[in-house]
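Heads up: the structure comes next, in structure tokens.
The values are calculated or read from the model by the stated rules, or taken from the named source; none is laboratory data. On a predicted model such as this, the values are computed, not experimentally measured, just so you know. Quick reminder, even Gly has a Cβ in these numbers, built from the backbone with ideal geometry, and neighbours come from all protein chains shown. With ligands, DNA and RNA removed, areas are computed over all heavy atoms of the protein, side chains included. Shrake-Rupley method; radii C 1.70, N 1.55, O 1.52, S 1.80 Å.
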Amino acid sequence: MHSFSRRSFLAGAAASSAATLLPATGAAALAGDLVSRASRTEPTALLRVRLTDAFREVMAGFDLTEHVHDGQVEVVAWPGDRARLRAAGISWEEVEGDLGARFVADRLAEAADGRARPQERTGYRVLDDYRADMDRLVELAPDLVRPLLLDSPLTHEGRAIHGLVIGADVAVADSDGRPQAMMCGLHHAREWPSGELTIMFAEALVEGWLDGDAEVTGLLEQLCVFVIPVSNPDGFVRSREAVPYVEEIAVVEGLTLLAQEGPYHRKNLLKHTALPGSFEPQQGVDINRNYPYMWGGVGASGTTTSQTHYGPGPGSEPEIEALTGLFRSTQILAAISNHTSGDLVLRPWGWTPAEPPDEAALAALGDDMAGPMGYTSGSWNEALYPGTGIIDDWMYGTLGTYCYTLEHGSSFHPVYGDNVPGYFADNWQAHLKLLRSAVDTAQHAVLVGTAAPGTVLTLAKDISIPLSRAADGATRVEEHLEATMVVGEDGSFAWHVNPSVGAETLESGGQPEHYVLTAQAPDGTVRTWSGVARRGDELEVLTAEG
Ligand SMILES: [Zn+2]
């Protein structure tokens with residue numbers, strides 16, 4: 001069993017980044033910033049609100065967290081929100097009366113923790129730490145890990161999304177047909193543990209590989225794993241680095257005012273120019289409402305200031321274009337999108353309470369992941385609240401991926417040392433279960449055949465995807481998916497792929513979507529195959545003669 005021994009390289013990573021725990025900023029500049037916000041006298045607070053019919057009617061206008069339990073949801077109350085709740089006749093229970101003060105207290109606790117345990121990670125990474133720590137993993141295991149760069153397009157502030165490709169013989173891990181899985185974090189900027197858990201998963205895989213852990217080694221010899229810790233880098237920088245170096249917090253009077261805003265930023269940084277004078281957290285698009293599947297419907301808002309604003313169009317945001325660009329060109333069979341908080345394992349659908357066609361398998365894996373962690377397992381729609389344009393529905397509905405949202409812990413950025421390592425220890429087995437599901441051939445299709453070594457196989461599928469509201473006059477978008485692999489030296493291949501038939505077609509009984517496989521040999525010869533692939537199929541698609 002894997003022991004989380006925290007090899008010296010991980011301790012080294014923690015120590016090296018402790019100095020950049022929070023960027024230093026001059027107190028004078030801060031004071032000026034605070035003066036401009038001095039009119040804000042109502043602290044941002046965290047409230048617990050019962051999910052009554054009356055609240056459900058107005059809740060799209062409030063900043064709902066993903067902390068839903070016992071029929072109640074925790075809500076971030078920005079200035080003015082309490083008055084609006086009162087006007088709507090909604091009552092609440094106060095969880096945290098001043099989130100700025102909470103933030104400062106938690107960061108000071110981390111600073112004290114860091115002085116007591118200088119060799120361990122005791123604070124959250126900043127964006128540069130993620131980059132440095134991923135680079136370090138590549139250096140440690142260059143045959144297992146390589147960088148993943150998603151820079152088309154760049155974000156609104158000009159950033160790329162960085163990640164890792166992990167798998168034995170990593171140079172060909174994403175092009176030799178083996179099963180693929182994906183883990184991502186920080187769609188929502190303020191959910192800091194979600195990025196930590198994602199990179200800790202990568203670190204544990206590398207650690208297990210270097211230690212010769214039998215289970216990790218076995219999985220990484222069969223799998224390609226994409227790891228994307230920070231899906232929303234602009235928003236994360238805004239949230240993580242808005243409040244300056246922690247040692248100064250205690251001496252800059254009124255700093256809790258500054259901590260009312262930035263640390264609680266959720267969305268990306270699209271500037272809505274039509275918002276003069278609005279405070280910063282209202283800016284942006286909720287990128288986990290921007291995916292082009294049933295986009296623009298329940299649980300998302302067209303109001304630009306809403307924390308669940310779905311954006312100007314389906315898939316309009318650069319982060320979503322970059323991420324879906326990767327997903328459309330790969331065959332990711334199983335995925336986890338990490339979030340904070342609520343201790344939930346959520347599966348499709350978000351847009352409807354109806355069960356998806358693969359409910360039995362999705363529920364079995366979700367329950368299996370959730371059980372030992374003490375998390376609640378359920379559909380996004382029913383265990384959380386309705387949502388549209390979410391990654392789970394897009395990946396499952398468009399690609400066929402078994403995609404889960406995991407909601408970890410109890411708050412956005414709790415004191416690191418008391419919480420995050422424990423979350424990870426609880427989550428490790430669940431993450432491994434997801435990887436095991438990706439190698440289970442009963443849950444996906446395998447295309448087998450023979451072709452000249454070096455033959456490039458391209459697998460394409462066209463699928464029509466429903467939207468909740470019209471975009472450019474259309475209520476559907478046409479998706480073209482196209483992945484490639486390269487046939488190895490022995491001239492045989494087994495390509496592990498998602499089913500060609502979409503979930504909507506499975507439900508409606510319509511004409512099944514099919515794959516078109518094109519094989520281009522090094523000598524220029526081209527062969528093609530076309531057919532329907534379903535879960536559990538093994539299809540012989542090319543033979544030496546054929
Ligand atoms: Zn979230």
Item to check | Selection count, segment 292-305, where residues are within 15 Å of Pro386 (Cβ to Cβ) and not small (Gly, Ala, Ser) | outcome: 4
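Determine whether Leu164 is part of a strand (DSSP E or B) and touching a residue at least 40 places away in the same chain (Cβ under 8 Å).
Yes: the conditions hold for Leu164.
Using the structure shown, decide if Ala181 is outside any loop (DSSP other than H, G, I, E, B), surrounded by fewer than 24 Cβ atoms within 10 Å (Cβ to Cβ) and more than 16 Å from the ligand (Cβ to nearest atom).
So Ala181 fails the test.
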Checklist entry - Looking at segment 363-382, which of the residues that are over 29 Å from Gly313 (Cβ atoms) and among the hydrophobic types (A, V, I, L, M, F, W, C) is most open to solvent (accessible area, probe 1.4 Å)? => result Ala364
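Quickly run through segment 305-335 and pick out the residues that are part of a helix (DSSP H, G or I) and touching a residue at least 40 places away in the same chain (Cβ under 8 Å). Walk me through how you get there before you give the answer.
Our first condition is that a residue be part of a helix (DSSP H, G or I); within segment 305-335, this holds for 318-328.
Correct list: Pro318, Glu319, Glu321, Ala322, Leu323, Thr324, Gly325, Leu326, Phe327, Arg328.
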Next on the checklist: For the structure I just gave you, tell me whether Thr528 is surrounded by fewer than 15 Cβ atoms within 10 Å (Cβ to Cβ) and either under 30 Å from Glu196 (Cα atoms) or modelled with pLDDT of 95 or more (or both).
Outcome noted: yes
Checklist entry - Take the residues of segment 134-161 that are in a helix (DSSP H, G or I) and closer than 18 Å to Met182 by Cα: which is most open to solvent (accessible area, probe 1.4 Å)? => result Val138
Checklist outcome for this item: So the helices (runs of 4 or more DSSP H) completely within segment 38-133 holding 2 or more residues that are in contact (Cβ under 8 Å) with a residue 40 or more places away in the chain are 99-116
Checklist entry - Within segment 396-418, can you find the residues that are more than 16 Å from the ligand (Cβ to nearest atom) and buried (at least 20 other Cβ atoms within 10 Å of the Cβ)? => result Tyr396, Gly397, Thr398, Leu399, Gly400, Thr401, Tyr402, Tyr416
Checklist entry - When only residues in segment 186-241 that are aliphatic (A, V, I, L, M) and within 16 Å of the ligand (Cβ to nearest atom) count, which is surrounded by the fewest Cβ atoms within 10 Å (Cβ to Cβ)? => result Ile228
Next on the checklist: Kindly evaluate His514 against the criterion of being open to solvent by 70 Å² or more (accessible area, probe 1.4 Å), modelled with pLDDT of 95 or more and of a type outside the set (A, V, I, L, M).
Outcome noted: yes
Checklist entry - How many residues, within segment 336-390, are outside any loop (DSSP other than H, G, I, E, B) and more than 15 Å from the ligand (Cβ to nearest atom)? => result 22
Next on the checklist: Name the residue that is surrounded by the most Cβ atoms within 10 Å (Cβ to Cβ), counting only residues in segment 480-511 that are more than 20 Å from Pro356 (Cα to Cα) and of a type in the set (D, E, K, R).
Outcome noted: Glu482
Next on the checklist: Which numbered condition in (1) touching a helix residue (DSSP H, G or I) at 6+ places or on another chain (Cβ under 8 Å); (2) part of a loop (DSSP other than H, G, I, E, B); (3) charged (D, E, K, R) is the only one that Arg238 fails?
Outcome noted: (2)
Next on the checklist: I'm trying to understand the selection: among the residues of segment 420-445, which are in a helix (DSSP H, G or I) and open to solvent by 40 Å² or more (accessible area, probe 1.4 Å)?
Outcome noted: Pro421, Ala425, Asp426, Gln429, Arg436, Thr441, Ala442, Gln443
Item to check | Residue count, segment 531-546 (criterion: under 25 Å from Asp358 (Cβ atoms) and open to solvent by less than 50 Å² (accessible area, probe 1.4 Å)) | outcome: 6
